[in-house]
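Asks: One structure follows; several queries about it will come next.
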Amino acid sequence: MAMPVFDLVTEGWLRPRSGDGQTIESMGLREVLHRAGDIADISVELPTQWPALLRQVLLPVVVDALGAPADRRAWADGFVRGAFSEAELDTLDTYLEDHRSRFDLFHAETPFAQVAGLRTAKGETKGSGLLVAAEATGNNVPLFSARTEGDPPRLAPADAALWLLHAQCWDTAAIKTGAVGDPMAKSGKTTGNPTGPLGQLGVVVPTGRTLYETLLLNIPIGVQGRLGSPQWRRSIGPAWESRTAQGLLDLWTWQSRRIRLVPEQTADGLCVTGVIVAAGDRLAMTPDWEPHTAWRVDKPTKKTRKSAKPVPQRPLRHMPGKAIWRGMNALLASEAEESAAFRTSELLDQIAGLEAEELIDDRYPLRAETFGVVYGNQSAIVEDVLHDLTPLPVAALRADADVRFAVLEATEQAEQLAQALNYLSADLRRASGLEPIPWDKGQRPGERLLYLLDPVVRRLLRGLQTVQDTETLERGRAAWEQEARRLALQVADSVHVAVPESVFAGRETKKSDGTTAAAYPLGVAVNDFYRRLDRILPRTKNER
């Protein structure tokens with residue numbers, strides 16, 4: 001029986017959104033690139049599908065066809081234009097036509113991002129839910145899953161394509177199906193598989209006003225010498241290896257799994273109901289030129305200071321429940337700061353260089369979008385998906401900018417205010433004869449404050465994107481401190497209400513020498529809190 005055809009170049013598998021957030025008619029890859037200057041972004045079912053689509057398809061097609069900008073001026077010329085030129089669109093069309101067979105999802109010999117004829121020794125397949133992070137499969141049983149493993153979803157080809165890309169980037173670790181032709185498979189399985197490569201990062205994606213701008217913001221400048229080849233220009237079989245990435249395009253289109261989709265005609269039309277997911281290439285190390293992550297830098301020792309080797313750095317993972325602005329010190333840590341504990345991503349550092357040369361407007365409405373996955377049980381299950389999006393003032397990326405100091409000050413003040421409230425709560429609980437709330441259990445008042453401050457911080461960041469003079473900047477900082485103080489006092493009031501009357505007089509406690517002392521009376525605790533508040537928010541020191 002002839003294999004069905006689903007051509008990603010022309011079939012409508014991508015769901016673009018307009019500037020007002022409305023999803024418009026589905027498009028194929030070619031039309032999306034032609035209209036990239038008008039499209040805001042692509043709608044996806046799960047946020048983590050977006051960086052998978054960006055890295056596995058959109059960026060490598062553009063860069064492999066057109067090359068990377070040779071220098072900042074070439075990048076800026078394209079950015080100002082706001083869309084691909086007619087000549088670039090012709091080149092992209094030619095490229096997609098030349099590789100047309102490699103973009104067919106069900107091609108008999110070269111199915112996209114898969115291995116043709118992939119099979120197990122017993123000819124078994126698993127349900128298509130194995131690709132879907134939110135579906136129950138094997139050990140991965142989400143709490144509120146509406147399906148069981150015996151009732152796999154019927155994935156339309158468009159959805160199957162996105163989940164296929166997602167699996168190549170974020171798949172869980174541990175045991176995978178052993179495929180025929182994989183010399184490392186034993187007893188029908190392959191063990192020791194790591195998660196997909198993005199699962200080992202805290203992904204940071206600079207985001208623009210349109211898809212075209214986002215594409216350019218995510219292309220490193222001057223990397224022609226280390227591009228390599230995307231997966232569709234290489235032959236991939238069931239055998240895999242542990243190796244380093246051979247260039248940027250290889251890294252972006254990394255095939256961390258060997259996969260084959262199993263389509264069938266159903267009452268709902270062509271659907272993917274089965275799948276084989278086997279072991280794929282293992283990334284020996286995350287290269288230091290990985291563009292979509294910030295880095296944690298190890299403090300240099302006496303030995304490393306004397307050595308010519310660079311200081312070790314590791315991808316910085318995102319923390320569950322922590323808003324992106326709470327890690328602003330890492331996002332703004334430029335490559336020039338040699339003693340910093342963090343390094344920002346190559347792409348954000350690149351934008352800082354463009355701003356310094358006035359090749360991008362410092363009032364440009366840049367946003368930073370972050371993605372991550374929290375794995376559990378030896379990384380064999382998905383516990384949570386992390387996603388955040390925040391305004392990021394371009395001027396703040398420059399090490400000596402007043403806006404940068406304002407951003408770092410405000411985000412640090414938010415953390416210190418939360419800590420001050422936790423101290424107040426701890427003092428009053430001790431005065432009541434209770435132990436302070438453990439840092440890792442229950443909800444402390446500082447967390448409530450950070451929740452209330454979240455929209456305020458984001459509003460401040462958005463406002464700082466358009467600041468042009470010192471006077472306006474200072475007014476913004478003063479307004480931030482006023483609102484931060486108001487909310488801190490609001491949460492403090494709720495802490496006071498919860499304490500008994502005995503707290504007003506304090507509680508007698510035994511000191512180490514056997515004498516007694518009144519500890520933590522209300523007046524002392526409140527005065528300590530106000531002193532901290534005045535120190536943290538100096539611009540509102542006299543406001544009570």
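Here, each number is a calculation from the coordinates, and none is a lab measurement. All values reported here derive from a predicted model rather than from experimental measurement. Glycine also receives a Cβ, built like all others from the backbone with ideal geometry; neighbour counts cover every protein chain displayed.
Asks: Cβ neighbours within 10 Å, averaged per peptide: list 466-477, 35-46 in order, most packed at the top. Kindly include the intermediate steps, with their values, before the conclusion.
Replies: Details: 466-477: 14.0, 35-46: 18.1.
The packing order, highest mean first, is 35-46, 466-477.
Asks: Cα axis of helix 445-464 to longest principal axis of the chain: angle in degrees, 0 to 90, nearest 10?
Replies: In the chain, helix 445-464 runs at an angle near 70 degrees to the longest axis.
Asks: What percent do you get for the relative contact order of the chain when only Cα pairs under 8 Å and 6+ apart count? Show your work: numbers first, answer last.
Replies: Details: 987 pairs, mean separation 67.3, N = 544.
12 percent.
Asks: According to the Kirkwood expression over distinct Cα-Cα pairs, how big is the hydrodynamic radius of segment 39-87, in Å? The partial results should precede the final answer.
Replies: Numbers: mean 1/r = 0.0795 Å⁻¹.
Answer for segment 39-87: a Kirkwood hydrodynamic radius of 12.6 Å.
Asks: What does the helix-only formula give at 222 nm for the chain: each DSSP H stretch with n ≥ 4 adding -39500 (n - 2.57), the total divided by the residues, and the result rounded to the nearest 500 deg cm²/dmol? Don't skip to the answer; put the middle values down first.
Replies: Values: 15 runs with 181 residues, N = 544.
After summing the helix terms and dividing by the residues of the chain, the value is -10500 deg cm²/dmol.
Asks: Moving to a separate point now. Assuming R0 = 22 Å, can you tell me the calculated FRET efficiency for the pair Asp400 and Asp454, based on Cβ-Cβ distance, to the nearest 0.05?
Replies: Given R0 = 22 Å and the Cβ-Cβ separation, E is 0.20.
Asks: Further question: Could you run the Karplus curve 6.51 cos²θ - 1.76 cosθ + 1.60 with θ = phi - 60° over segment 205-222 and give me ³J(HN,Hα) per residue in whole Hz, x for Gly and Pro?
Replies: 10, x, 10, x, 7, 10, 4, 4, 5, 4, 4, 5, 5, 9, 9, x, 8, x
Asks: With a bin width of 20 angstrom, please list the P(r) values of the chain as percents of all Cα-Cα pairs, from the 0 bin to the one holding the largest distance.
Replies: 19, 46, 27, 7, 0
Asks: How high is the relative contact order of segment 184-289, given as a whole-number percent (alpha carbon pairs under 8 Å, six or more residues apart)? Don't skip to the end; give the middle numbers.
Replies: On the way: 117 pairs, mean separation 26.5, N = 106.
Once normalised by length, the contact order is 25 percent.
Asks: Which cross-chain or sequence-distant (5 or more) residues have an amide H under 5 Å from the amide H of Thr253, H modelled 1.01 Å from N in plane?
Replies: Hits under the 5 Å cutoff: Gln231.
Asks: Among the DSSP beta bridges whose two residues both lie in the chain, what percent are antiparallel, rounded to the nearest 5?
Replies: Taking every DSSP beta bridge with both residues in the chain, the antiparallel ones total about 95 percent.
Asks: Right, something else. Where does the charge balance sit around Pro287 when Lys and Arg score +1, Asp and Glu -1, over other residues with C-beta under 13 Å from its C-beta?
Replies: Details: positive: Arg226, Arg243, Arg314; negative: Asp250, Asp288, Glu290, Glu346.
Local charge sum for Pro287: -1.
Asks: Once both axes come from the Cα atoms, what is the angle between helix 346-356 and the longest principal axis of the chain, in degrees from 0 to 90, rounded to 10?
Replies: Roughly 70 degrees, rounded to the nearest 10.
Asks: Follow-up. In the neighborhood of Ala74, defined by Cβ-to-Cβ distances under 15 Å, what is the net charge if each Lys or Arg adds +1 and each Asp or Glu adds -1?
Replies: Numbers: positive: Arg72, Arg73, Arg81; negative: Asp71, Asp77, Glu88, Glu357.
Spelling it out: positives minus negatives among the neighbours equals -1.
Asks: Which of the listed residues, Ser187, Tyr95, Gln413, is farthest toward the dipole's positive end in the chain, when Lys, Arg count +1 and Asp, Glu count -1 at the beta-carbon?
Replies: Value computed over the given set: Ser187.
Asks: Rounded to the nearest 0.05, what FRET efficiency do Ala356 and Val385 give with R0 = 35 Å and r taken as the Cβ-Cβ distance? Could you check?
Replies: Numbers: r = 35 Å, r/R0 = 1.01.
About 0.50, to the nearest 0.05.
Asks: Turning to a different aspect of this structure: Stokes-Einstein D for segment 64-122 at 25 °C, 0.890 mPa s, Kirkwood Rh over Cα pairs, in µm²/s?
Replies: Numbers: Rh = 14.3 Å.
This corresponds to a translational diffusion coefficient of 172 µm²/s.
Asks: Considering only C-alpha atoms, what is the centroid distance from segment 457-482 to segment 182-234, in Å?
Replies: Using only Cα atoms to place each centre, the spacing works out to 37 Å.
Asks: If R0 is 41 Å, what FRET efficiency do you get for Gln419 and Arg81 from their C-beta distance, rounded to 0.05?
Replies: 0.30
Asks: For segment 349-437, with only Lys/Arg (+1) and Asp/Glu (-1) charged at the beta-carbon, what is the dipole magnitude about the Cα centre, in debye rounded to 20? The partial results should precede the final answer.
Replies: Numbers: 6 positive and 17 negative charges, 91 e Å.
Dipole magnitude for segment 349-437 comes out near 440 debye.
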